[in-house]
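Heads up: the structure comes next, in C-alpha cells.
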Amino acid sequence: MDIAEVARRSGVPASALRYYEEKGLIASMGRAGLRRTFPELVLDQLSLIALGQAAGFSLDEIKGMFSARGRANIDRAALVAKADEIDLTIQRLQALSKGLRHAAVCPAANHSECPTFQRLLRAAGAGKLAPAARKRTVSPARKAGAAKSAGKP
C-alpha cells in the first residue's frame, strides 16, 4: 500500500506516518515513485500505536512493543504496571469528583468553612491530585535556561 492508502485506511495522517517511520515505529518497504509503500502489517502496527498512546505509553515505550520484524511483542509486566497506574488515576479522579460535588452543594456559608473542601485543598497543595509525573527528557538548552532564570551560572 502506498502512504496515501495507509493514511486513508488507518485515519492516521501521512505526516504522522512519516514521523512514526522516522522514530522507528513502522517501516516502509520502499517507494513507488515518490510515495512510500508499506506492508499490510502496518495497519496492525498503527492500531497498537493508537492503543498504546490511549493507555498513556510514550512512543519510545510503544516502540519497544514491537519485535525486530514489526510484530507485537509486548512485555506483560509493563501492561500490568500501566493498568495499575490507570487504576490509581481513576481513584484519584473519583475522589476529586466526589470532593468537587460536595463543595458544590456544601451547606457551609463559605467554602473556607467546609472541612471537605479544606481537605481537598490540602490534597491539591500536596500534589496528591496531580496526575502521575511522566519521565521526560529535558534538552540541555532548556536546562541551561531554567538554571539561568533561577540565578544559577
Could you work out the Kirkwood radius for the stretch 3-63, taking every pair of different alpha carbons, averaging 1/r and inverting it, reported in Å? 11.7
Restricting to Cα atoms and excluding each atom paired with itself, what does the Kirkwood estimate give for the stretch 76-133 in Å? 12.7
With θ set to phi - 60°, apply the Karplus curve 6.51 cos²θ - 1.76 cosθ + 1.60 along the stretch 78-84 and write out the HN-Hα couplings as whole Hz, x wherever there is a Gly or Pro. 5, 5, 5, 4, 5, 4, 4
Positive-end residue of Thr89, Asn110, Gly99, charge dipole of the stretch 83-123 with Cβ unit charges: Asn110
What length, rounded to one decimal in nm, is gained on full extension from Ala77 through to Ala4, with 0.36 nm per residue of separation minus their alpha-carbon distance? 22.7 nm
Filtered hits (aspartates and glutamates, Cα-Cα < 12 Å from Lys63, offset >= 8 within chain) -> Glu21, Glu22, Asp75
Using a Förster distance of 22 angstrom, determine the FRET efficiency expected from the C-beta separation of Ala50 and Leu93, and round it to 0.05. 0.45
What does the highest-first list of 89-101, 67-79, 49-61 look like by mean Cβ count within 10 Å? 49-61, 89-101, 67-79
If amide H atoms are modeled at 1.01 Å from N in the peptide plane, then the residues at a separation of 5 or more from Thr37, or on another chain, having amide H under 5 Å from its own are Met29, Gly30, Arg31, Ala32
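Each value in this text was obtained by applying a stated rule to the coordinates, not by laboratory testing. This structure is a prediction, so every number in the text was calculated from the model and none was measured. Ideal geometry is used to build each Cβ from the backbone, glycine not excepted, and the neighbour counts take in all protein chains shown.
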